[in-house]
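The values are calculated or read from the model by the stated rules, or taken from the named source; none is laboratory data. Not measured: the values here are computed from a predicted model. All Cβ positions, glycine included, derive from the backbone under ideal geometry; neighbour counts span all protein chains shown. The area values use the complete protein model at the heavy-atom level, side chains included, leaving out ligands, DNA and RNA. Shrake-Rupley method; radii C 1.70, N 1.55, O 1.52, S 1.80 Å.
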Amino acid sequence: MKKVVLAYSGGLDTSCAIKWLEEKGYEVIAFIADVGQREDFQAVKKRALEIGASKVHVVDLQKEFVEQYVFPALRAGAVYEHKYFLATALSRPLIAKHQVMIAHKEKADTIAHGCTGKGNDQVRFEVTARILDPQMEIIAPVRIWEFKTREEEIDYAQKKKIPVDVTKKSPYSVDINLYGRSIECGVLEDPWAEPPEEIYKLTVSPLKAPNDPSYIEIEFFKGIPVKIDGKSYAPLDLIHQLNNIGGQNGIGRVDMVENRLVGIKSREIYENPAATILHAARQELECLVLDRETMHYKEASSQKYGELVYYGLWETPLKRQMDVYFEEIQKEVTGTVRLKLYKGSCVVVGRKSPHSRYKEELATYGEKDVFDQKFAEGFIRLWGMPF
Ligand code: ARG
C-alpha cells in the first residue's frame with residue numbers, strides 16, 4: 001500500500017480527504033501541526049484515527065514558527081499590499097517542511113493537503129515541499145474529487161460516518177495561528193458589505209474597548225522584540241501577551257481586497273493584534289536609528305520580502321539573501337518604543353535607543369542649538385547647481 005502524509009486540520013475537507021485517500025488505496029498518516037490554533041489536539045487526533053488514519057503525528061511548531069518565520073518577517077518589515085501581516089502565509093512553509101520530514105521518516109513518497117485550487121495556500125505547500133524534495137508526489141484531493149458543492153461533501157461525510165460537526169458549520173472560512181486569524185467567505189464575499197461583528201474572535205469592537213488608553217513599552221534587540229514594560233518574555237509568550245492587550249483594545253482588524261497569486265482578487269478580513277503593534281513599533285524605532293539612505297532603499301526590499309512570503313517562495317535563494325540583508329540592517333535597531341493603545345488605534349508616542357541618530361542639539365530651535373546656519377547657503381547652491 002502506498003503511504004501518504006496528509007496535513008490534517010480536523011475540519012470537513014481534510015476529514016473527508018482521509019476517507020477519500022483511503023478509498024483510492026492509500027494508507028493515510030495524518031499530520032497535525034500545532035501553530036498556535038488552540039485546538040483540542042487529542043480530540044482531533046482521535047477523529048483522524050476514527051475516520052481511518054493509520055497513524056497521527058501531532059507536532060508543536062509554535063516556537064519554531066515565532067523564531068524562524070514570524071520574527072524574520074517582522075525584521076524585514078514584510079507586509080503584503082501594505083495591510084496583510086502574512087500570518088497564514090508564514091505558517092505554510094513551516095508546515096510543509098515538517099510534512100516532508102514526516103514523509104521521509106515514514107518512508108512515504110506522497111503528501112496531501114486540503115487546499116482548494118483557488119487559493120494561495122496550495123501554492124505555498126507544494127512549492128515548499130518540492131523545493132525540499134523534488135521527488136515528492138503531491139495530492140490535493142479538494143482540487144480533484146467529485147464533490148461539486150459543500151453539500152455533496154457533507155453528504156459524503158454522513159454516508160461514510162465521518163464524525164464532523166456540521167451543525168457548528170459557520171459560513172466563514174477561517175485560518176488561525178498564534179500570529180493572527182484570517183477570515184473569508186459568506187457575506188464577506190461582497191466587498192461593499194461591512195463585516196459583521198460576529199466574525200471577530202481575537203479583538204473586541206473598538207466601540208466596546210476601554211475608555212482609557214493602555215500604554216505599553218516594547219524593547220527591541222536588533223529588530224527582535226524582547227521585553228514588554230521592562231519584563232523579558234520568551235518569543236511565544238511575548239506574542240500572546242501582545243495579542244491579549246491589543247485584542248482588548250480592539251487593535252489589529254484589517255479589511256482588505258487583496259490580489260491572490262492565482263490571479264483573483266479576494267476580500268479578506270484579518271485579526272492580528274500582536275503583528276499590528278510589533279510592526280508599528282519596530283518601524284518607528286528604525287526611523288530613529290537608520291540613516292536616511294538605508295531607510296529609503298530598504299522599503300522596496302520589505303515589499304519584495306512580503307511578496308516572496310505571500311507567493312510561497314520562502315525556501316528560495318532570494319529570500320535567504322534578504323534575511324542576511326535585513327539582519328545587517330537591524331544591527332542597530334535596538335531600543336524601546338512606547339505605544340498608546342486606544343479603541344482600535346495603536347500609536348507610537350515615544351522612542352529611544354542607544355543607537356539613536358536623532359541629535360537634539362541639531363534639531364532644536366532653542367538655546368542648545370549648535371547647527372551653523374551659515375553652511376546652509378553653500379550647501380544649497382551646490383545641491384541645486386547641476387540643474
Ligand atoms: N488570503 C490569505 C492568504 O492567502 C489567508 C488565507 C486564509 N485561509 C482561509 N481559509 N481563510 O494568506
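Summary of values
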| item | result |
| --- | --- |
| Equivalent-ellipsoid semi-axes of the chain, from the Cα gyration tensor, Å, largest first | 45, 23, 19 |
| Lysines whose Cα lies under 22 Å from that of Lys222, excluding same-chain neighbours fewer than 8 positions away | Lys63, Lys231, Lys298, Lys304, Lys319, Lys331, Lys352, Lys359 |
| Size-normalised alpha-carbon gyration radius of segment 56-215, reference 2.2 N^0.38 Å | 1.24 |
| Segment 172-308: C-alpha gyration tensor shape, a/c 1.5 cut-off, then a/b vs b/c | oblate |
| Stretch gain in nm, segment Asp212-Gln135, where the contour uses 0.36 nm per residue and the Cα spacing is subtracted | 22.0 nm |
| Listed residues Tyr342, Thr116, Ile154: farthest to the positive end of the dipole of the chain (Cβ charges) | Ile154 |
| Length gained when the stretch Lys107-Ala376 is fully extended (0.36 nm per residue, less Cα-Cα span) | 89.7 nm |
| Helix-derived mean residue ellipticity, 222 nm - over the chain, DSSP H n ≥ 4, -39500 (n - 2.57), to 500 | -12000 deg cm²/dmol |
| Cleavage-rule hits (trypsin sites (Lys or Arg not before Pro)) in segment 5-48: DSSP loop, at most 15 neighbouring Cβ within 10 angstrom | Lys24, Arg38 |
| Segment 174-261: GluC sites (Glu not before Pro) in DSSP loop, at most 12 other beta carbons within 10 Å | none |
| Spin-label proximity, Lys159 to segment 1-16 - amide N less than 15 Å from point 7 Å beyond Cα toward beta carbon | 16 |
| For Thr14, solvent-accessible area (1.4 Å; no DNA, RNA or ligand), Å² | 10 |
| Segment 226-262 and segment 140-197: distance between their alpha carbon centers, rounded to Å | 25 |
| Trypsin sites (Lys or Arg not before Pro) restricted to DSSP loop in segment 90-130 with at most 10 other C-beta within 10 Å | Lys107 |
| Carbon + sulfur, % of accessible area of the chain - ligands and nucleic acids excluded, 1.4 Å | 53 |
| Fully extended contour minus Cα-Cα distance, from Glu307 to His355, at 0.36 nm per residue | 14.3 nm |
| Mean accessible surface per residue for the chain, computed with a 1.4 Å probe while every protein chain stays in place, in Å² | 51 |
